[in-house]
Amino acid sequence: MNRSLLFSILIVVLLISNILLALKIFGGPRHGGPREEGPRNEIIERLNFSKDQIESYDALITEHRSEVQELEGQLQEQKKRWLNNLKKADPLPIDSALDSVLAVQRKIEILHFEHFAQIRKICTSDQIHSFDLLVDDLSKLFNKKPKRKKP
């Protein structure tokens, strides 16, 4: 085998590997981009919402997210206060300090429940059965962990 043939084969192999690497880097799906819709699209699909229902649902989502963000801010503040008790020589009893954290968490859970009750209200009578089936899967839908990117 002469040198020019060996170099030609090596160049072709390197060229193919570079092309494959470029496709892997630039051609795949984008991760970490804009916020994913979460379970929104799946709920719309499973309930077979009309355009009007989707508009109502999107309004519910916007309102719900705003209320949850506010309560999560309060929750973080209560947790900080609770944990700051550790800095004191005589911290407050755990039960009384924890009650304020749990009160906010309770509000968040009630808010989630009411959100789904509102979604049920925009369903037609034909969609109620699908909604009831969806309720069985709610914990799975909202507890999906985003796929981690490998380093």
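Since every read-out is calculated from the coordinates, none of them should be taken as a lab result. Note that the structure is predicted; figures quoted are calculated from it, not measured. Backbone-built Cβ (ideal geometry, glycine too); neighbour counts: all protein chains shown.
Between Leu60 and Ser139, what's the calculated FRET efficiency when r is the beta-carbon distance and R0 is 22 Å? Round to 0.05.
Step by step, r from the Cβ atoms, then E = 0.70.
Quick one: how many lysine pairs in the chain have C-alpha atoms under 20 angstrom apart, if they're 8 or more apart or on different chains?
Counting lysine pairs in the chain gives 9.
Could you check which residue among Gly27, Gly38, Gly73 shows the biggest mean-square fluctuation in a GNM of the chain with a 10 Å Cα cutoff?
Maximum fluctuation in the GNM of the chain, among the listed residues, is at Gly27.
Express in nm, to one decimal, how much length is gained between Asn18 and Leu98 on full extension, taking 0.36 nm for each residue of separation and deducting their alpha carbon distance.
23.1 nm
Note down the nm distance, to one decimal, between modelled labels 7 Å out along Cα→Cβ at Glu42 and at Lys107.
According to this spin-label approximation, the distance is 2.9 nm.
Set Lys and Arg Cβ to +1 and Asp and Glu Cβ to -1, take the dipole of the chain about its Cα centre, and tell me which of Asn41, Ala59, Phe7 lies farthest positive.
Projecting each Cα onto the dipole axis, the largest value belongs to Phe7.
Explain nothing, just the number: dipole magnitude of segment 38-142 about its Cα centre with +1 on each Lys and Arg Cβ and -1 on each Asp and Glu Cβ, in debye rounded to the nearest 20.
Dipole about the Cα centre, nearest 20: 480 debye.
Choose one of Ala103, Ile119, Asn85: the residue whose Cα lies farthest towards the positive end of the charge dipole of the chain (beta-carbon charges +1 Lys, Arg; -1 Asp, Glu; about the Cα centre).
Among Ala103, Ile119, Asn85, the one farthest towards the positive end of the dipole of the chain is Asn85.
If you project the alpha carbons of the chain onto their three principal axes, what span does each projection cover, largest first, in Å?
Principal extents (Cα only, largest first): 84, 60, 24 Å.
Going by alpha carbons, how many degrees (0 to 90, nearest 10) lie between the helix axis of 128-142 and the longest principal axis of the chain?
70 degrees
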